[in-house]
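As structure tokens, the structure follows; a few thoughts come after it.
Quick note: the coordinates plus some simple rules give every number you see, no bench work behind them. As the structure is a prediction and not an experimental result, all values here were calculated from the model. Please note: Cβ atoms are built from the backbone with ideal geometry, for glycine as well, and neighbour counts cover all protein chains shown.
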Amino acid sequence: MGILEKISEIEKEIARTQKNKATEYHLGLLKAKLAKYRSQLLEPSKKGGDKGEGFDVLKSGDARVALIGFPSVGKLKYALVWGTSTKYSPQRVGIGHSVADEDVVQLIKK
């Protein structure tokens with residue numbers, strides 16, 4: 001069974017698994033395996049030969065982060081932000097704060 005078949009099987013398993021608190025751990029393991037197999041697709045094989053080509057990620061534009069899910073809903077007290085979007089480093093911010101590129105965020109739960 002090749003890597004593509006393994007990825008396909010894991011995606012099918014994730015799709016048919018009911019999402020609730022009891023299956024969170026199982027889904028997390030499946031997602032970890034999926035990430036491992038996808039990274040193996042990008043890496044060249046270790047069996048000699050010529051080197052594989054890498055890829056660049058373009059960093060531009062706006063981004064928005066949303067915390068969604070059972071463990072995080074309604075439990076955010078505040079966040080500490082280090083970077084260019086704050087006057088002080090670190091600065092305590094609320095839910096309405098917009099972060100800039102390469103800012104570091106630490107979430108503090110209630």
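Taking the number of other C-beta atoms within 10 Å as the exposure measure, put LEU4, LEU27 in order starting with the fewest.
LEU4, LEU27
Could you give each residue of the range 2-9 its phi-based ³J(HN,Hα) in whole Hz, using Karplus coefficients 6.51, -1.76, 1.60 with θ = phi - 60°, and x for Gly or Pro?
x, 5, 5, 5, 5, 4, 4, 5
Taking a 23 Å limit on the Cα-Cα distance, which of the listed pairs LYS36/LYS110; LYS19/LYS110; LYS12/LYS33 fall beyond it?
Check vs 23 Å cut-off fails for LYS36/LYS110; LYS19/LYS110.
Provide the FRET efficiency to the nearest 0.05 for the ALA15-GLU102 pair, computing r from the beta carbons and using R0 = 35 Å.
In this case the efficiency is close to 0.50.
Quick check: pseudo-label points 7 Å beyond the Cα along Cα→Cβ at LEU27 and GLU43, how many nm apart are they?
Reported label-point gap for LEU27 and GLU43 is 2.7 nm.
For ILE95, ILE7, what's the fewest-to-most ordering of other Cβ within 10 Å of each Cβ?
If I rank by nearby Cβ atoms, fewest first, I get ILE95, ILE7.
Using amide H atoms built 1.01 Å from N in the peptide plane, name the residues 5+ places from TYR78, or on other chains, whose amide H lies under 5 Å from its own.
Hits under the 5 Å cutoff: ILE108.
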